[in-house]
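Trainee: Handing you a structure now.
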Amino acid sequence: QVQLVESGGGSVQTGGSLSLSCAVSGFAFRFSAMAWYRQAPGKQRDLVAQISRGGSTNYQTSVEGRFTISRDNTKATLYLQMTSLKPEDTAVYYCNIYPPGQYWGKGTLVTVSS
């Protein structure tokens, strides 16, 4: 059974930082490209950052230079380090394979206040 458990969200002020984690089980994490997605209130879910099984990364333009995606294959865990947060980063953040599969976790809420 595929499980994706996101954690680490919270409320911060503009310019703050947060670190998200995603514990994965039920599939071969080390052989899978992974990604973080986010869904802001009233908007569709968008890709934020992706990481290949070899560690190559790509970012949405709006977060490049501020967010860092990484993975620990020994722990089957995906990370997203977020710095210089802005109010427009407010969203529920999800992890999934890339491209996304049919299973989604509950996500973790990030709220950035001005």
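Trainee: I'd like the full set of residues that are within 22 Å of SER113 (Cβ to Cβ) and buried (at least 20 other Cβ atoms within 10 Å of the Cβ), limited to region 66-75. Explain how you work it out, then say what you get.
Mentor: Filtering region 66-75 down to residues within 22 Å of SER113 (Cβ to Cβ) leaves 66-67.
Listed by number, the list holds a single entry, PHE67.
Trainee: Here is a list of conditions, (1) over 21 Å from SER25 (Cβ atoms); (2) open to solvent by 50 Å² or more (accessible area, probe 1.4 Å); (3) in contact (Cβ under 8 Å) with a residue 24 or more places away in the chain, and GLY54 meets all of them except one; can you say which number that is?
Mentor: The single condition GLY54 does not satisfy is (3).
Trainee: Something else: Could you please find all residues in region 45-71 being among the charged types (D, E, K, R) and under 21 Å from TRP104 (Cβ atoms)?
Mentor: Within region 45-71, ARG45, ASP46, ARG53, ARG71 qualify.
Trainee: Would you check if there is a residue in region 70-81 being small (Gly, Ala, Ser) and touching a residue at least 24 places away in the same chain (Cβ under 8 Å)?
Mentor: Yes, the conditions are met somewhere in region 70-81.
Trainee: Evaluate the following for TYR94: is it in contact (Cβ under 8 Å) with a residue 24 or more places away in the chain, open to solvent by 20 Å² or more (accessible area, probe 1.4 Å) and touching a Gly at 6+ places or on another chain (Cβ under 6 Å)?
Mentor: Numbers: in contact (Cβ under 8 Å) with a residue 24 or more places away in the chain: yes; open to solvent by 20 Å² or more (accessible area, probe 1.4 Å): yes; touching a Gly at 6+ places or on another chain (Cβ under 6 Å): yes.
Yes.
Trainee: To continue, here is another question. I'm told PRO99 meets every condition in (1) exposed (fewer than 12 other Cβ atoms within 10 Å of the Cβ); (2) part of a helix (DSSP H, G or I); (3) of a type outside the set (D, E, K, R) except one. Can you identify the failing condition by its number?
Mentor: Against the list (1) exposed (fewer than 12 other Cβ atoms within 10 Å of the Cβ); (2) part of a helix (DSSP H, G or I); (3) of a type outside the set (D, E, K, R), PRO99 comes up short only on (2).
Trainee: From the set of residues in region 2-48 that are among the aromatic types (Phe, Trp, Tyr) and over 11 Å from the mean Cα position of the chain (by Cα), which is least open to solvent (accessible area, probe 1.4 Å)?
Mentor: Of all residues in region 2-48, those among the aromatic types (Phe, Trp, Tyr) come to 27, 29, 31, 36-37.
Retained after the next criterion (residues that are over 11 Å from the mean Cα position of the chain (by Cα)): 27, 29, 31.
On the way: PHE27: 60, PHE29: 8, PHE31: 136 Å².
So the residue we want is PHE29.
Trainee: Which residue out of VAL63, VAL112 is open to solvent by less than 30 Å² (accessible area, probe 1.4 Å), over 16 Å from SER21 (Cα atoms) and free of Cβ contacts under 8 Å to residues at least 60 places away in the same chain? Walk me through how you get there before you give the answer.
Mentor: Numbers: VAL112 fails: free of Cβ contacts under 8 Å to residues at least 60 places away in the same chain.
Result: VAL63 is the single residue among VAL63, VAL112 that is open to solvent by less than 30 Å² (accessible area, probe 1.4 Å), over 16 Å from SER21 (Cα atoms) and free of Cβ contacts under 8 Å to residues at least 60 places away in the same chain.
Trainee: From the set of residues in region 12-50 that are without any contact (Cβ under 8 Å) to a residue 40 or more places away in the chain and among the hydrophobic types (A, V, I, L, M, F, W, C), which is farthest from SER62 (Cα to Cα)?
Mentor: ALA28
Trainee: For region 53-67, which residues satisfy the criterion of being under 14 Å from the mean Cα position of the chain (by Cα) and within 19 Å of SER32 (Cβ to Cβ)?
Mentor: Residues satisfying the conditions are THR57, ASN58, TYR59.
Trainee: Could you tell me whether region 83-103 includes any residue that is within 24 Å of SER114 (Cβ to Cβ), in contact with a helix residue (DSSP H, G or I) (Cβ under 9 Å, 6 or more places away or on another chain) and aliphatic (A, V, I, L, M)?
Mentor: No, that holds for no residue.
The values are calculated or read from the model by the stated rules, or taken from the named source; none is laboratory data. Because the structure is a prediction, the values reported are computed rather than measured. Glycine gets a Cβ as well: all are built from the backbone with ideal geometry, and neighbour counts include every protein chain shown. Note: accessible area is taken over every heavy atom of the protein model, side chains too, but ligands, DNA and RNA are not part of it. Shrake-Rupley method; radii C 1.70, N 1.55, O 1.52, S 1.80 Å.
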